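Here's the structure, in structure tokens; my notes come after.
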Amino acid sequence: MTGGEILVRSLEAQGVSTVVGMPGNQNIWIYDSLPDSTIDSYLIRNEQGATLIANGYARATGDVGVALTVPGPGSTNASTGIVDAYTDSVPVLLITGGTEVALDGRDRSKCFHGLDQQAFFAPITRAFERPSSVDQIPESVERVFAALRAPRPGPAVLELPVDIAAQSGDVRIPDRIVSPQLQQPDDHQLSTCASTIDGFERPVILVGKNVADTDAAGQVSALSSRLNAPILFTRLGKGALSDAHPAVKGHCHAKVGRSLLSEADGLIAIGCRFTQIDTRSWQLPIPDRIVQIDVDAYELGREYDIEAGASGPLAETIEAVTTRITREPDSDWSTAVSKTVSDIRSAMPPLELFSAIRKHTNGDAIFSVDVTSFGYRSFDELPVYGPRTFLYPCHSVTLGYGLPGAIGAKLGMPDRQVIAFCGDGGYQMTSFELATAVEHGIGITVVVVNDGSLSAIRGSQAKTFDGRVCDTDMKVPRIADAAIAFGARGIRIEDADRFESVFADVVGHEGPTVIEVVMTEQRDQIIQRVPWLYPD
């Protein structure tokens, strides 16, 4: 087998069934091996799209998304999706060609597509591999998949030098790498967590992405019931438990979440990392008394002082703590929570677009939401009912994520409805991937709000600089017409009141559909509803 064949066979052994990317001279040996494999390959239009599509695939499936590019400009384009995966703990593998091993020692800037990729990707990956012989390829694959399938995963890069890809060898193809078995927390940790929780009269539970990653929703629900405790979620924790669950009260950053945290006397943090955005630069009114449960011992007490903590397999650890709790739930706290939630939500006007979308989609539909004024409201106003059905670039905040993320989700979950929700600015950044969706018949529905502005940033400028703005208004092309030119179904709606009937008619159709909702006259009202600009 050639090095390219060995790599592809090794990917098959890891269960990889989908690769997105673009061929070039330095990865043609890999591409030559794909048609004879069980792996489906999809041609993208820009390498940024490759890693964002792989990112959406990984978030929707819970498994590794794979992108394939050339090195140098190919991999630097692709780095956007990698840094997004790094900040949100998403298992994305970028495979690139590479400069020949025979040229090691040469100034890389003098080489074709010259880039020291290991140095470039070091700050934004969990693993980097560059095999220097064909027999090293299988073990390189094993090491990157160990990082990709770690308890808290992240992205990895594998560079295959073109001369190694072309060489032949006889090697062992590695077995599938599985997540490691975590060590159980000791009894003292579990008992200390339980006794600390026994001292809480008004507890709140905060869940993060690892609750979904480890299928621990049932154990969190049981803990909540045992304590009569409300459940809040971080950005990445949305969907870990259904928004229809009676104890789930919303995002910790929203007004309901802030109010409940300020009223609580104890916090039980489960599988979350306390990031800057979730904690409002670590100024969120979090209770002084904290119990933290995580898969990663490194996270215990890292951002906030904690009174007790335990690390280990999440579901088993939560259950073990719950069985040790002796206090009776406080009905007064449950009543107070209900009143707080009711008072705040009754004063919040709903977003009609989200209501219409949710009304006409299946319960297991997947939403890929871009960074947009309405998108910020989706954490509390677009209900989802299961894990991996809400995709959002939570911490890198990658503008342009919505469309490619939706394509990746549909590739990974072809039997589900997949809806992208975008603003006009973000959509234009990656709209070229609509051609990918058309070419491969990928059936997604894309909703684009056209208000002729980078509206959230326009609002931030105006609020900060006494009404002055710069470069945040823009002339937007007729997005629906452009979609038709790509070969997609394009529908332009001038009256937002028509949106529901149009969406209901086209959602789930074969092939991609783009619905452009013109809201230029409502721009200022849209800005007024951006939660981080006007949090109250």
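The values are calculated or read from the model by the stated rules, or taken from the named source; none is laboratory data. Please read all numbers here as calculations on a predicted model, not as lab measurements. Positions of Cβ are generated from backbone atoms using ideal geometry, with glycine treated the same way; all protein chains shown enter the neighbour counts.
Scoring THR372 on the criteria (1) in contact with a Cys (Cβ under 7 Å, 6 or more places away or on another chain); (2) among the β-branched types (Val, Ile, Thr); (3) at pLDDT 95 or above leaves a single failure, condition (3). Taken over segment 315-336, the criterion of being hydrophobic (A, V, I, L, M, F, W, C) and either within 30 Å of GLN181 (Cβ to Cβ) or in contact with a strand residue (DSSP E or B) (Cβ under 7 Å, 6 or more places away or on another chain) (or both) is satisfied by ALA315, ILE318, ALA320, VAL321, ILE325.
What do you reckon, is ARG377 at positive phi, touching a Lys or Arg at 6+ places or on another chain (Cβ under 9 Å) and assigned by TED's automatic domain parsing to the domain that holds VAL514? For ARG377, the condition - at positive phi, touching a Lys or Arg at 6+ places or on another chain (Cβ under 9 Å) and assigned by TED's automatic domain parsing to the domain that holds VAL514 - is not met. In the set (1) over 22 Å from the mean Cα position of the chain (by Cα); (2) in a loop (DSSP other than H, G, I, E, B), GLN219 fails one condition alone, (2). For segment 89-110, the count of residues that are in the same structural domain as PRO131 (by TED's automatic domain parsing), under 20 Å from VAL178 (Cα atoms) and surrounded by fewer than 24 Cβ atoms within 10 Å (Cβ to Cβ) is at least one. A count restricted to segment 445-465 and to residues that are more than 25 Å from the chain's Cα centre (by Cα) and part of a loop (DSSP other than H, G, I, E, B) stands at 3.
Residue-wise test of (1) farther than 28 Å from ALA365 by Cα; (2) in a loop (DSSP other than H, G, I, E, B); (3) of a type outside the set (D, E, K, R).
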{"site": "GLY467", "(1), (2), (3)": "yes, yes, yes"}
{"site": "CYS470", "(1), (2), (3)": "yes, yes, yes"}
{"site": "ALA482", "(1), (2), (3)": "no, no, yes"}
{"site": "GLY490", "(1), (2), (3)": "no, no, yes"}
{"site": "VAL517", "(1), (2), (3)": "no, no, yes"}
{"site": "TRP532", "(1), (2), (3)": "no, yes, yes"}
{"site": "PRO535", "(1), (2), (3)": "yes, yes, yes"}
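Per the listing VAL321, VAL341, the residue uniquely at pLDDT 95 or above and part of a helix (DSSP H, G or I) is VAL321. Looking only at segment 109-118, decide whether some residue is of a type outside the set (Asp, Glu), at pLDDT 95 or above and at negative phi. Among the residues of segment 109-118, not one is of a type outside the set (Asp, Glu), at pLDDT 95 or above and at negative phi, which makes the answer no.
ASP288 meets each of the listed conditions (1) in contact (Cβ under 8 Å) with a residue 24 or more places away in the chain; (2) of a type in the set (Asp, Glu); (3) farther than 29 Å from SER179 by Cα apart from (1). Would a scan of segment 202-221 turn up a residue that is without any contact (Cβ under 8 Å) to a residue 60 or more places away in the chain, within 16 Å of LEU267 (Cα to Cα) and surrounded by 19 or more Cβ atoms within 10 Å (Cβ to Cβ)? Yes, some residue in segment 202-221 is without any contact (Cβ under 8 Å) to a residue 60 or more places away in the chain, within 16 Å of LEU267 (Cα to Cα) and surrounded by 19 or more Cβ atoms within 10 Å (Cβ to Cβ). VAL248 fulfils the conditions (1) more than 23 Å from GLY301 (Cα to Cα); (2) among the aliphatic types (A, V, I, L, M); (3) not assigned by TED's automatic domain parsing to the domain that holds THR323 except for a single criterion, (3). Within segment 265-283, the set of residues being closer than 18 Å to LEU236 by Cβ and either surrounded by fewer than 16 Cβ atoms within 10 Å (Cβ to Cβ) or touching a Gly at 6+ places or on another chain (Cβ under 6 Å) (or both) comprises GLY271, CYS272, GLN276, ILE277, ARG280, SER281, TRP282. Residue-level check: of (1) surrounded by fewer than 24 Cβ atoms within 10 Å (Cβ to Cβ); (2) within 30 Å of VAL134 (Cβ to Cβ), PRO155 misses just (1). Taken residue by residue, segment 398-420 has at least one member that is at positive phi and outside the structural domain of HIS253 (by TED's automatic domain parsing).
Residues considered: ILE44, ILE137, ILE82. Of these, the only one that is surrounded by 24 or more Cβ atoms within 10 Å (Cβ to Cβ) and either closer than 15 Å to PRO155 by Cβ or among the aromatic types (Phe, Trp, Tyr) (or both) is ILE82. In the set (1) under 28 Å from VAL371 (Cβ atoms); (2) modelled with pLDDT of 95 or more, SER41 fails one condition alone, (1).
Annotation note: of ILE277, ILE286, the sole residue that is part of a loop (DSSP other than H, G, I, E, B), within 21 Å of the chain's Cα centre (by Cα) and not assigned by TED's automatic domain parsing to the domain that holds ASP380 is ILE277. For segment 231-253, the count of residues that are touching a strand residue (DSSP E or B) at 6+ places or on another chain (Cβ under 6 Å), assigned to a helix (DSSP H, G or I) and either surrounded by fewer than 22 Cβ atoms within 10 Å (Cβ to Cβ) or modelled with pLDDT of 95 or more (or both) is zero. Can you find even one residue in segment 432-442 that is over 29 Å from MET22 (Cβ atoms) and among the polar types (S, T, N, Q)? There is no residue in segment 432-442 that is over 29 Å from MET22 (Cβ atoms) and among the polar types (S, T, N, Q). For segment 144-175, name all the residues that are over 19 Å from the mean Cα position of the chain (by Cα) and part of a loop (DSSP other than H, G, I, E, B). Listed by number, the residues that qualify are GLN167, GLY169, ASP170, VAL171, ARG172, ILE173, PRO174, ASP175.
Here the condition is being over 23 Å from the mean Cα position of the chain (by Cα) and either acidic (Asp, Glu) or loosely packed, with under 14 Cβ neighbours inside 10 Å (or both); of SER334, SER342, SER311, it holds for SER342 alone.
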